[in-house]
Structure formats: C-alpha cells, structure tokens
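Enquirer: First, the structure itself, so that you have it in front of you.
All of the numbers you see were taken from the coordinates with simple rules; none came from a lab. Treat the numbers as computed from the prediction; the structure is a model and nothing was measured. Methodologically, a virtual Cβ is constructed for each residue, glycine included, from the backbone with ideal geometry; neighbour enumeration extends over all protein chains shown.
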Amino acid sequence: MFLFPSFLLLGLVTASYAEPVTEGAQSTCPVIACSSPGLNGFPGKDGRDGAKGEKGEPGQGLRGLQGPPGKVGPAGSPGIPGLKGAEGPKGEVGPKGAEGPKGAMGKIAAEIAALQSELRGFKKWVFFSTSEQVGNKYFMSTGKKLSFYRAKAVCSQFQASVATPRNAEENKAVQKVARDIAYLGLTDERTENRFLDLTGRSVQYTNWNGGEPNNADNGEDCVVLLTNGKWNDVPCSDSFLVVCEFSD
Ligand code: GN1
Ligand code: CA
Ligand code: CA
C-alpha cells in the first residue's frame, strides 16, 4: 500500500482553505508558495435549519374519496318577489253560450232604444218641415176644415190638442201655419162668456177682435183665429181649419 506523505497531505488541506488567489497575485507570489493549486477539500458540516417556508401549492397526489352529503340545513327566509313576467298571448274565443232571458231582454231593450231614436229623428224632420215651433210647442195644420168636436177628435188621435196660444208669440205661430180661419182650443160652453181651455182652466192670454166675443145669435161658444191674428167667437158646429199643437 502506498503511503501518502503527511507533509503533502498538510499542504493539500492548507491550500483548500486558502483565500482564492487572483492571476495578478499569482504573478507576484514567491516561487515556493505559489505552486500549482491543490485539490478541493471535503465538504463542511450541514448548516442550521432555515426559517419555515410559506405554505406550498396543493399536492398532485391522489385525492381521497368524497364523503357522504351532510344533513339538510334549516329553511332560509323567503326571497324578494321577482319581477312581473311579460303578458302572455291572447286566448282563443270561447264557445258561444245559450242566450238567456237577460240576453233576450237586453236585445229587446236595445231595439226599443234604436226605434225611439229613429222616431225622434222622424218627428224632428216632420216638425221642422211642416210646423211652427215656440219653445217645446209645435203648431201644425191638418189642412182640414171640421166642426169643433171633430177638430178635437182629430188632434187627440195624434196625441195632440187643438192649438191654444198662451202668448202673442204662440198666437203668431198659429197664424203662420193656419193661412185661414182656424179653430182654437177654447170654449165658453159651460159658462157663457167664461172661456176655458180644453183642460178646463181659465186663460190668461186673449186676443179678441173688436166687439168680440159677442155670442152672436146667442149661439157662439167656440173660438177661431182670424187671418189678421185676432179672435172671434163662432158656433162650434161650423167648420174651420184644424190646427193641432204638439209638445216634445
Ligand atoms: C159674423 O155673419 P154675421 O155678421 O152674423 C160672425 C160673428 C161675428 C160677426 C162680427 C159665423 O157674424 O161671430 O161676431 O160676424 N159669424 C161667423 O161682425 O163667423
Ligand atoms: Ca158663447
Ligand atoms: Ca162672434
């Protein structure tokens, strides 16, 4: 076995712990001290433990199996109601139901209303074209000459009465439609010289011609409107133009 000389071993150890030698320093070294570099020495002892490092990333190894689900927790408080949804499409028309009595009555009522409306329109047209209006009164000539009794019957069959002017305006209106001597709805049949209308009321307005009423021949209990607009008492059996009055 080859024995390594001890002075050489000492030299190797010394060189391994020497300061690193620069090239410049080498060139200035004495010949004996600066021979070729020695071999590296053995590694030193382990240092002390360092400070604890930060938590590392989860490992890449196999994961354990998922455990069983936990128990159901208590019910939470109700949430805020959601927004109203958009309106849905219109439904189909349902089957037509049987017409009940209410529906039938409604239909009749509607027809009556329509007829009334039509009648109102027709009356307006007739009155407008053939009568004289004062307020809600319309005076209309029948164009016929009749006795006072027949005159009353004719007007009442039209739900009207013999023209009875209550003032000068109405008197003028009757005069306008008459165009001839016409009966008025007044009489003193009951009490001589006390003229009453056809409802039995005494009249306020009169427009007697001069000298009238004279109850000529002791037999004049009816009244006519002369063409000059004045009044005269005449025998009720005589025939004169019939003018009726209507109210709307
Ligand atoms: C008329 O025709 P005489 O004169 O008898 C009239 C009378 C008048 C009278 C006035 C039917 O009668 O009512 O008061 O004139 N008779 C008729 O003079 O109209
Ligand atoms: Ca009389
Ligand atoms: Ca007279």
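Enquirer: Identify the single condition in (1) within 16 Å of ligand 1 (Cβ to nearest atom); (2) crowded, with 16+ Cβ neighbours inside 10 Å that Asp180 does not satisfy, given that it satisfies every other one.
Expert: Exception for Asp180: condition (2).
Enquirer: In this structure, is Lys145 basic (Lys, Arg) and surrounded by 11 or more Cβ atoms within 10 Å (Cβ to Cβ)? Walk me through how you get there before you give the answer.
Expert: Working: basic (Lys, Arg): yes; surrounded by 11 or more Cβ atoms within 10 Å (Cβ to Cβ): yes.
So Lys145 passes the test.
Enquirer: Based on this model, can you work out whether Thr206 counts as in a loop (DSSP other than H, G, I, E, B) and either away from ligand 3 (no atom under 16 Å from the Cβ) or basic (Lys, Arg) (or both)?
Expert: Numbers: in a loop (DSSP other than H, G, I, E, B): yes; either away from ligand 3 (no atom under 16 Å from the Cβ) or basic (Lys, Arg) (or both): no.
No; evaluated as a whole, the condition is false for this residue.
Enquirer: Applying the selection to the stretch 100-130, what residues are under 23 Å from Leu241 (Cα atoms) and in contact with an Asp or Glu (Cβ under 9 Å, 6 or more places away or on another chain)?
Expert: Within the stretch 100-130, Lys123, Phe127 meet the criteria.
Enquirer: Taking interchain pairs and intrachain pairs at least six residues apart, which have beta carbon atoms under 9 angstrom, with the first residue in the stretch 151-163 and touching a residue at least 40 places away in the same chain (Cβ under 8 Å) and the second of a type in the set (Lys, Arg) and in a helix (DSSP H, G or I)?
Expert: Ser161/Lys152; Val162/Lys152
Enquirer: Of all residues in the stretch 210-248 being of a type in the set (D, E, K, R) and more than 20 Å from Val134 (Cα to Cα), which is farthest from ligand 1 (Cβ to nearest atom)?
Expert: The first filter runs over the stretch 210-248 and keeps only residues of a type in the set (D, E, K, R), leaving 212, 217, 220-221, 230, 233, 238, 245, 248.
If we keep only those that are more than 20 Å from Val134 (Cα to Cα) too, we end up with 212, 217, 220-221, 233, 238.
Working: Glu212: 6, Asp217: 7, Glu220: 5, Asp221: 11, Asp233: 6, Asp238: 6 Å.
Ranking the qualifying residues of the stretch 210-248, first place goes to Asp221.
Enquirer: Filter the stretch 193-233 for residues that are out of contact with any helix residue (DSSP H, G or I) (no Cβ under 8 Å at 6 or more places or on another chain) and of a type in the set (A, V, I, L, M); which is farthest from ligand 2 (Cβ to nearest atom)?
Expert: Keep residues of the stretch 193-233 that are out of contact with any helix residue (DSSP H, G or I) (no Cβ under 8 Å at 6 or more places or on another chain), which gives 193-197, 199-204, 206, 208-221, 223-224, 226, 228, 230-232.
Adding the requirement that they be of a type in the set (A, V, I, L, M) leaves 196, 203, 216, 223-224, 226.
Details: Leu196: 12, Val203: 14, Ala216: 9, Val223: 9, Val224: 13, Leu226: 17 Å.
Across the stretch 193-233, the extreme among qualifying residues is Leu226.
Enquirer: Tell me, yes or no, whether the stretch 185-203 has at least one residue that is surrounded by 13 or more Cβ atoms within 10 Å (Cβ to Cβ), in a helix (DSSP H, G or I) and of a type in the set (Ser, Thr, Tyr).
Expert: no
Enquirer: Across the stretch 226-243, what is the total count of residues that are more than 11 Å from ligand 3 (Cβ to nearest atom), surrounded by 20 or more Cβ atoms within 10 Å (Cβ to Cβ) and under 21 Å from Thr191 (Cα atoms)?
Expert: 0
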